[in-house]
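S.K.: This structure is in structure tokens; I'll ask about it shortly.
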Amino acid sequence: MRKFILFDLDGTLIDGVNDLVMAMNQLLKQHDHAPLTRHELEPMLGDGARVLTQRAFQARNVSLDEDALNAAYTKFVSLYEATAYRDTYLYQDAEATLRQLHQDGWEIGLASNKPTRPCREILSTLGIDDLFVTIAGGDATNVRKPDGGHLAFALDKMGYDRTKGDYAVMIGDHANDVNAARAIDIAAIAVAFEVDDTKARGLGADAVLTRFSQMPDALKKIA
């Protein structure tokens with residue numbers, strides 16, 4: 001039996017909100033709109049950069065048509081990549097835990113609704129890209145979380161085979177992560193790092209973690 005573990009990125013492995021806020025506010029300024037605070041932007045996260053762009057403009061009472069949204073989204077991604085992720089950081093004990101999981105035989109992948117290129121760049125910048133067998137951003141396939149097909153795509157790229165008794169678990173901070181896991185009948189762990197865990201405990205996951213260091217024990221209990 002092989003063991004597979006998929007991670008979400010933002011809010012699960014990293015806190016990258018400050019870089020997202022910086023890039024989005026640069027975009028809004030170019031369109032003569034007031035900036036967003038971190039507090040305003042955080043609830044908009046979880047459904048990918050295109051939806052984030054749409055929500056940011058809606059928060060400034062602007063509805064973008066399809067062409068305008070596509071242009072704004074493309075510009076936002078460019079501005080975001082230009083931050084070089086200077087204010088993005090791993091949660092406490094994340095790298096040590098990932099390396100321990102790797103040593104324990106877990107095959108590690110990423111399934112994020114963020115575009116794949118920034119995902120790769122962030123993991124590389126933070127020095128942990130060597131641990132990931134697959135990095136599947138929101139543009140890696142034709143569906144994204146909460147559609148279970150996103151996770152199925154990532155697991156297939158990793159060589160997961162349920163018929164051979166392989167085991168898989170999805171770890172994330174959002175309902176999209178848990179719902180995607182349930183859609184393909186794999187385990188789910190919800191995390192709440194540096195935030196109140198009330199929301200995470202309502203997602204219906206198999207376990208809820210408030211510290212990365214809790215992960216190995218939690219996996220042993222649910223596997």
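S.K.: Looking only at HIS31, HIS174, HIS102, which one moves most when the chain is put into a Gaussian network model with springs between Cα atoms under 10 Å?
M.R.: It is HIS31.
S.K.: Which of ASN70, ASN113, ASN25 moves the most in a Gaussian network model of the chain with Cα springs under 10 Å?
M.R.: It is ASN70.
S.K.: Another question, then. Using only Cα atoms and rounding to the nearest 10 degrees, what angle (0 to 90) does helix 148-158 make with the longest principal axis of the chain?
M.R.: 60 degrees
S.K.: Report the semi-axes of the equivalent ellipsoid for segment 70-180 in whole Å, largest first, where each axis is √(5λ) for an eigenvalue λ of the Cα gyration tensor. Walk me through the numbers before you get to the answer.
M.R.: Working: eigenvalues 119, 74, 27 Å².
Semi-axes (√(5λ), whole Å): 24, 19, 12.
S.K.: Along the charge dipole of the chain, Cβ charges K/R +1 and D/E -1, which of PRO43, LEU13, LEU209 sits furthest on the positive end?
M.R.: Result: LEU209, furthest along the dipole toward the positive end.
S.K.: Now a separate question. Where does helix 66-82 land angle-wise versus the long Cα axis of the chain, in degrees 0 to 90, nearest 10?
M.R.: Orientation of helix 66-82: about 70 degrees from the principal axis.
S.K.: In addition: Could you give the size of the charge dipole of the chain about its Cα centre, using +1 on the Cβ of each K and R and -1 on the Cβ of each D and E, expressed in debye and rounded to the nearest 20? Intermediate values should be presented prior to the final figure.
M.R.: Working: 24 positive and 33 negative charges, 52 e Å.
Around 240 debye, computed over the chain.
S.K.: Sticking with this one: Out of these labelled values of Rg and Dmax of the Cα atoms in Å, [x] 48.6, 144; [y] 16.4, 48; [z] 17.2, 56, which was calculated from the coordinates shown here?
M.R.: [z]
S.K.: Which far-off residues, 5 or more places away or on another chain, put their amide H under 5 Å from the one on ALA187, with H placed in the peptide plane?
M.R.: HN-HN under 5 Å from ALA187: ALA168, MET170.
S.K.: Tell me the angle of helix 94-103 to the major Cα principal axis of the chain, expressed in degrees between 0 and 90 and rounded to the nearest ten.
M.R.: In the chain, helix 94-103 runs at an angle near 30 degrees to the longest axis.
S.K.: Give, as ranges by residue number, the residues of segment 66-95 whose backbone N falls under 16 Å from the point 7 Å along Cα→Cβ of ASN18.
M.R.: From segment 66-95, the list is 83-92.
S.K.: Mark the label point 7 Å from the Cα of GLU40 along Cα→Cβ and return the residues of segment 80-118 whose backbone N is within less than 19 Å of it.
M.R.: 80
S.K.: Can I ask one more? With charges only on Cβ, +1 for K and R and -1 for D and E, what is the dipole size of segment 121-221 about its Cα centre, in debye, rounded to 20?
M.R.: Numbers: 11 positive and 16 negative charges, 72 e Å.
For segment 121-221, the charge dipole is close to 340 debye.
S.K.: Which FRET efficiency value, to the nearest 0.05, do you get for GLN103 and THR210 by plugging their Cβ-Cβ distance into 1/(1 + (r/R0)^6) with R0 = 41 Å?
M.R.: Details: r = 23 Å, r/R0 = 0.57.
Efficiency, rounded to the nearest 0.05: 0.95.
S.K.: Applying a 10 Å radius around every beta-carbon, put 116-122, 73-79, 5-11 in order of their mean neighbour count, most first.
M.R.: Details: 116-122: 18.7, 73-79: 17.0, 5-11: 24.0.
Ranked from most to least packed, the peptides come out as 5-11, 116-122, 73-79.
S.K.: Between ASP65 and ASN142, what length in nm is gained on full extension when 0.36 nm per residue of separation is reduced by their alpha carbon distance?
M.R.: Details: separation 77, 0.36 × 77 = 27.72 nm, distance 2.15 nm.
Stretched fully, the ASP65-ASN142 segment lengthens by 25.6 nm.
S.K.: OK, next. Select from LEU98, LEU41, LEU64 the residue whose mean-square fluctuation is largest in a Gaussian network model of the chain (Cα-Cα springs shorter than 10 Å).
M.R.: Judging by the Gaussian network model, the answer is LEU64.
S.K.: With the Cα gyration tensor of segment 16-83 giving a ≥ b ≥ c as the square roots of its eigenvalues, does the rule (a/c under 1.5 for rounded; else a/b larger than b/c for prolate; else oblate) give rounded, prolate or oblate? Each step should come with its number before you reach the end.
M.R.: Working: a/c = 1.30, a/b = 1.18, b/c = 1.10.
Rounded.
S.K.: In deg cm²/dmol, rounded to 500, what helix-only [θ] at 222 nm does the chain give when every DSSP H run of at least 4 residues adds -39500 (n - 2.57) and the total is split over its residues?
M.R.: On the way: 10 runs with 97 residues, N = 223.
Rounded to the nearest 500, the figure is -12500 deg cm²/dmol.
S.K.: Output the antiparallel fraction of DSSP beta bridges having both residues in the chain, as a percent to the nearest 5. Mind showing how you got there, number by number?
M.R.: Numbers: 2 of 24 bridges.
Of all bridge pairs located within the chain, approximately 10 percent are antiparallel.
Rule-based calculations on the coordinates, nothing more; no lab input. These figures come from a predicted structure and were not determined experimentally. When we count neighbours, we look across all protein chains shown, and the Cβ atoms used for this are built from the backbone with ideal geometry, even at glycine.
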